[in-house]
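Here the structure is laid out as structure tokens; the discussion comes afterwards.
The values are calculated or read from the model by the stated rules, or taken from the named source; none is laboratory data. This is a predicted model, so every value here is computed, not measured. Cβ sites come from the backbone with ideal geometry, for glycine too, and all protein chains shown count toward neighbours.
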Amino acid sequence: MKLKKALGIVLALAMVLTLAACGAAPAQETQAPETAAPAANAETTAAAAEPVNIVWAGWSGEEEASKDIFGRMMDTYREQTGNDVTWVGWTWADTAQQLLIRTQGGEQLDIAQVDIGIFNTVAAAGVLADWNEVVGADYMSQAFEQSALDVGNIDGQQLGMPWSMASITMVYNPEILAAAGWDKVPVTIEEFEACMADIKSYNPEIVPYAVSTKDATCAGDFMPWLWTFGGAIFNDDGSVAINSENAVKCVQWYQGLMEKGYIAMDTGRGEARQLFAQGKVAFYDDAVVAKGQAVNNGVAPEDVVKVCSAMERPVLKEGDAPQSTMWGHMLVCFKDSEYKEQAAELAKVLVSNEVALDYFTNNGMPPVTKEAAALEEVTSDAYLSGFMDSTATARLEETARMTNANEVKTVITEELQYALLGQKTAEQAVADMAARLEAL
Amino acid sequence: MDTIRNGRLSDKQVGVLLILPGLAIFAAIILYPFVDAVLMSFTDRSMIYPDYKWVQFENYQKVFKDPYFTKTLTTTVLFVLGATVLPYVLGMFWAVVLNQGFRGSEFLRGVTLVNWIIPGTAIGFLWSWIFNGQYGILNNVLKALGILETGVPWLGQTNTALLCVIIARTWQMLPWYMAFLLGGLQSVSLEQVEAAHIDGANNLQTFFRVILPGMKQTAMLIFVLGLIGNLQHFDLPWTMAQGGPARATTTLSIEVYTTAFKNWNMGKAATVGTIWAVILACFSAIYLKLNNDENA
């Protein structure tokens, strides 16, 4: 009996130890960086002369249109510093999730590219370092305009270093418009519809407007149209504002476009870019990176404006302010990184004139440092000027400062889809959007 | 035998010692995450913030009151039934054909298995391309045949999106059903089949009255395993439609993924996961019962 009891105790101990081992590991990992931070800094200083390998994460290095440019950026860093850099990439849609998982798992992560749409989520996790402490506040204020710095500043901490800032606006194919009899871009919604009708008559195989009707980009495309109709998702105090007559009108307008065949279901940003590059789409919404797709398809950088130009979003009546959403990429450095100094060196390489111009010329990404933005090649660029016109009135997405931005966007997307598929009236879809947002 | 003799361990005690390492590994990689997930379902844990608090049954109340959760359950049932019955029937048919042992049947068996080897995400992208409304090959074929005038966004309509995913899943899993059902068919006594033919039974009568009863237990087991596999399935609905449009392809697996990794709400995701696990446990119990009956 004694042996049985002893065996029972051993068994129970083994189970408890196993569970404890599993449970304790993350807690130790979470606490370690804070307690070990000074030691890590000391090690970094001691090993500053030794080449190190830093980890840079993001999504653009995964995209065909910018893969080569990212390769050149990393080569420049290696040549200039003697350090190595490893790229870790995912799709744009998975970036926030992967960054959070990687930081919580304690894996090495020194610097990352983040979109302003996910910046707040990553910042809220408390994993980002203050650039003012990493590179110095003087460098930041000398290199960047205050307006650009403000986008990356949360509660007085400069958690994001501006890398590129512009807007998501509408792009169009001038050749298709010309073929449909339009020498100038439509200014009002009425003209826009007339233009789409002419495009449809010219070639029924062309999708006049590849507005996003699925995935994470659907709500992003919907927002500026909602503003155009005078609606909003939230009031200034954060209460839900979408259940309005203007929002219903906007959804009804979307439904009308669908009925006339001007827009299509199962269209995301990826499909829109692909079809636009093939000359099968006349208009769609995109950021300056649209250029990269064209260049990647064999169009010379200087000829991109002939097949892909930016325009201001049509307005309800002439004189209204055209709507667009702020778009940009920032560089973030991680609090737990052992190589913040080396990450800062990479950040400086990335915003340097030489690298920024390469990115701008081949991908359309506008440089954001004062010096690079003032370069002749940038200020005289016809392609960029179209985007900059829209940027003047661009607003941050209403969800940009929310940690549950994706949840809000999912609700908008799903209810809009119900309306577009005729399963709900515009009134019902908007009312359901409001009810679901209030329940979050 | 169970008593301790001369300080030696009994057989049962040795048995317990032998299963101890396995039990510890089970506790570490299965039991602990499961218990942790169940406990998490009673919290407001988020993927962003490290702090959390107990919320008792609040997550469960929210989930069961959500009308969209009922739709998710319905979609899951439709997907599980469709993605099991269709490949099962086709797999059975193909297994019967290959069981005839004609020349080349072994080659065909090998070729059929190729679908099963291809990774799920690759299959998802392949079928997304086939069903794409703008440049999909299906629309082009149907237009060339004069059946369609304009392209149909198969994955962009609520009435066709789930069917498209089921078709892709059928293509993926048909070889799995075929392989196991073929094994079941080959276990049926040839003498009984021949005797039925001699007695005047036609092929259909032989199949339904002799072959199927002869492999009933195996056939049921494969069906239940198929149901369980589809209840857990994630890759194809996600890669092909991301749960849309208008939640038409949102199954429980998609709901858990988006709640946890898109909306960062780990507590609610764990709640849906726990409900999902209970449903899975029911099917697993049926499987175990059938398995025991077969072994009895």
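Can you spot a residue in segment A:286-307 that is assigned by TED's automatic domain parsing to the domain that holds A:Val135 and among the acidic types (Asp, Glu)? No, there is no match, as no residue in segment A:286-307 is assigned by TED's automatic domain parsing to the domain that holds A:Val135 and among the acidic types (Asp, Glu).
Within segment A:266-279, which residues are over 17 Å from the mean Cα position of the chain (by Cα), in a loop (DSSP other than H, G, I, E, B) and within 11 Å of another protein chain (Cβ to nearest Cβ)? Result: A:Asp266, A:Thr267, A:Gln278.
A:Ala194 meets the conditions (1) free of Cβ contacts under 8 Å to residues at least 12 places away in the same chain; (2) farther than 30 Å from A:Leu275 by Cβ in every case but one. The failed one is (2).
B:His197 passes every criterion in (1) buried (at least 19 other Cβ atoms within 10 Å of the Cβ); (2) farther than 23 Å from B:Tyr68 by Cα apart from (1). The lone criterion from (1) within 14 Å of another protein chain (Cβ to nearest Cβ); (2) more than 30 Å from B:Gly133 (Cβ to Cβ) left unmet by B:Trp154 is number (2).
Among residues of segment A:59-79 that are in contact (Cβ under 8 Å) with a residue 12 or more places away in the chain, those with a beta-carbon under 7 Å from a residue that is in a helix (DSSP H, G or I) and acidic (Asp, Glu) at least six positions away or on a different chain give the pairs A:Ile69/A:Asp358; A:Arg72/A:Asp358.
A:Glu371 meets all of the listed conditions (1) surrounded by fewer than 20 Cβ atoms within 10 Å (Cβ to Cβ); (2) part of a helix (DSSP H, G or I); (3) within 14 Å of chain B (Cβ to nearest Cβ) but one, namely (3). Considering segment B:28-51, the residues that are among the hydroxyl-bearing types (Ser, Thr, Tyr) and within 13 Å of another protein chain (Cβ to nearest Cβ) include one that is farthest from the chain's Cα centre (by Cα), namely B:Tyr49.
Restricting to segment A:94-120, give me the number of residues that are crowded, with 19+ Cβ neighbours inside 10 Å and not in a loop (DSSP other than H, G, I, E, B). Explain how you work it out, then say what you get.
Step one: list which residues in segment A:94-120 are crowded, with 19+ Cβ neighbours inside 10 Å, which gives A:95-100, A:102-103, A:109-120.
With not in a loop (DSSP other than H, G, I, E, B) added as a condition, the list becomes A:95-100, A:102-103, A:111-120.
Total meeting the criteria: 18.
Could you grab me the full set of residues in segment A:315-335 that are in contact (Cβ under 8 Å) with a residue 60 or more places away in the chain and surrounded by fewer than 22 Cβ atoms within 10 Å (Cβ to Cβ)?
The answer is A:Val315, A:Leu316, A:Lys317, A:Glu318, A:Asp320, A:Ala321, A:Pro322, A:Met326, A:Lys335.
Only a single criterion out of (1) within 14 Å of another protein chain (Cβ to nearest Cβ); (2) assigned to a helix (DSSP H, G or I); (3) touching a strand residue (DSSP E or B) at 6+ places or on another chain (Cβ under 6 Å) is not satisfied by A:Ala282, namely (2).
May I ask you to list the residues in segment A:121-145 that are part of a helix (DSSP H, G or I) and closer than 19 Å to A:Trp56 by Cα?
The first filter runs over segment A:121-145 and keeps only residues part of a helix (DSSP H, G or I), leaving A:121-124, A:131-143.
Residues satisfying the conditions are A:Thr121, A:Val122, A:Ala123, A:Trp131, A:Val134, A:Val135.
Checked against the criterion of being out of contact with any His (no Cβ under 8 Å at 6 or more places or on another chain) and surrounded by fewer than 24 Cβ atoms within 10 Å (Cβ to Cβ), the candidates B:Leu236, B:Leu252, B:Leu221 yield just one match: B:Leu221.
So how many residues does segment B:125-138 have that are farther than 24 Å from A:Gln423 by Cα and either in contact with a His (Cβ under 6 Å, 6 or more places away or on another chain) or within 14 Å of chain A (Cβ to nearest Cβ) (or both)?
Residues of segment B:125-138 that are farther than 24 Å from A:Gln423 by Cα, as a first pass: B:125-127, B:129-130, B:135-138.
Narrowing the set further to residues that are either in contact with a His (Cβ under 6 Å, 6 or more places away or on another chain) or within 14 Å of chain A (Cβ to nearest Cβ) (or both) leaves B:125, B:127, B:129-130, B:135-136, B:138.
Summing the residues that are farther than 24 Å from A:Gln423 by Cα and either in contact with a His (Cβ under 6 Å, 6 or more places away or on another chain) or within 14 Å of chain A (Cβ to nearest Cβ) (or both) in segment B:125-138 gives 7.
Filter segment A:412-434 for residues that are part of a helix (DSSP H, G or I), free of Cβ contacts under 8 Å to residues at least 40 places away in the same chain and at the interface with another protein chain (Cβ under 10 Å from one of its Cβ atoms) and give the result.
Our first condition is that a residue be part of a helix (DSSP H, G or I); within segment A:412-434, this holds for A:412-420, A:426-434.
Applying the additional criterion that residues be free of Cβ contacts under 8 Å to residues at least 40 places away in the same chain yields A:414-415, A:418, A:428, A:432.
Passing the criteria: A:Glu414, A:Glu415, A:Tyr418, A:Asp432.
Residue count for segment B:242-296 satisfying the condition of being of a type in the set (S, T, N, Q), part of a helix (DSSP H, G or I) and either over 18 Å from A:Glu414 (Cα atoms) or away from chain A (no Cβ under 14 Å) (or both): 7.
Which one of these is on the phi > 0 side of the Ramachandran plot and of a type in the set (Gly, Ala, Ser): B:Gly133, B:Gly91, B:Gly146, B:Gly82? Reasoning before the result, please.
Details: B:Gly133 fails: on the phi > 0 side of the Ramachandran plot; B:Gly91 fails: on the phi > 0 side of the Ramachandran plot; B:Gly82 fails: on the phi > 0 side of the Ramachandran plot.
Going through B:Gly133, B:Gly91, B:Gly146, B:Gly82 in turn, just one is on the phi > 0 side of the Ramachandran plot and of a type in the set (Gly, Ala, Ser): B:Gly146.
For segment A:242-265, the condition holds for no residue, the condition being that it is outside any helix (DSSP H, G or I), crowded, with 18+ Cβ neighbours inside 10 Å, within 10 Å of chain B (Cβ to nearest Cβ) and touching an Asp or Glu at 6+ places or on another chain (Cβ under 8 Å). Taken over segment A:176-210, the residue count meeting the criterion of being touching a Cys at 6+ places or on another chain (Cβ under 8 Å) and either closer than 30 Å to A:Ala435 by Cβ or within 14 Å of chain B (Cβ to nearest Cβ) (or both) is 1.
Is it fair to say B:Ile117 is at negative phi and buried (at least 16 other Cβ atoms within 10 Å of the Cβ)? Working first, answer last.
Values: at negative phi: yes; buried (at least 16 other Cβ atoms within 10 Å of the Cβ): no.
Criteria not met by B:Ile117.
For B:Ile167, the conditions (1) within 26 Å of B:Asp293 (Cβ to Cβ); (2) assigned to a helix (DSSP H, G or I) are fulfilled apart from (1). Do we have B:Ile25 as in contact with a Phe, Trp or Tyr (Cβ under 8 Å, 6 or more places away or on another chain) and either part of a strand (DSSP E or B) or facing another protein chain (nearest Cβ under 10 Å) (or both) here? Answer is no for this residue. Do any residues in segment B:244-256 that are on the phi > 0 side of the Ramachandran plot and without any contact (Cβ under 8 Å) to a residue 24 or more places away in the chain have Cβ atoms under 8 Å from those of residues that are in a loop (DSSP other than H, G, I, E, B) and surrounded by fewer than 24 Cβ atoms within 10 Å (Cβ to Cβ), where the two are at least six apart or on different chains, and which pairs are they? Close Cβ pairs satisfying both conditions: none exist.
Can B:Thr259 be described as buried (at least 21 other Cβ atoms within 10 Å of the Cβ), without any contact (Cβ under 8 Å) to a residue 24 or more places away in the chain and either within 18 Å of B:Thr84 (Cβ to Cβ) or touching a strand residue (DSSP E or B) at 6+ places or on another chain (Cβ under 7 Å) (or both)? Criteria met by B:Thr259.
In segment A:328-340, is there at least one residue being over 21 Å from A:Gly152 (Cβ atoms), within 18 Å of the chain's Cα centre (by Cα) and not hydroxyl-bearing (Ser, Thr, Tyr)?
Kept after step one, since they are over 21 Å from A:Gly152 (Cβ atoms), are these residues of segment A:328-340: A:338.
Subsequent filtering for residues that are within 18 Å of the chain's Cα centre (by Cα) retains none.
No, segment A:328-340 contains no residue that is over 21 Å from A:Gly152 (Cβ atoms), within 18 Å of the chain's Cα centre (by Cα) and not hydroxyl-bearing (Ser, Thr, Tyr).
The residues of segment A:392-411 that are part of a helix (DSSP H, G or I) and surrounded by fewer than 21 Cβ atoms within 10 Å (Cβ to Cβ) amount to a single one, A:Glu407.
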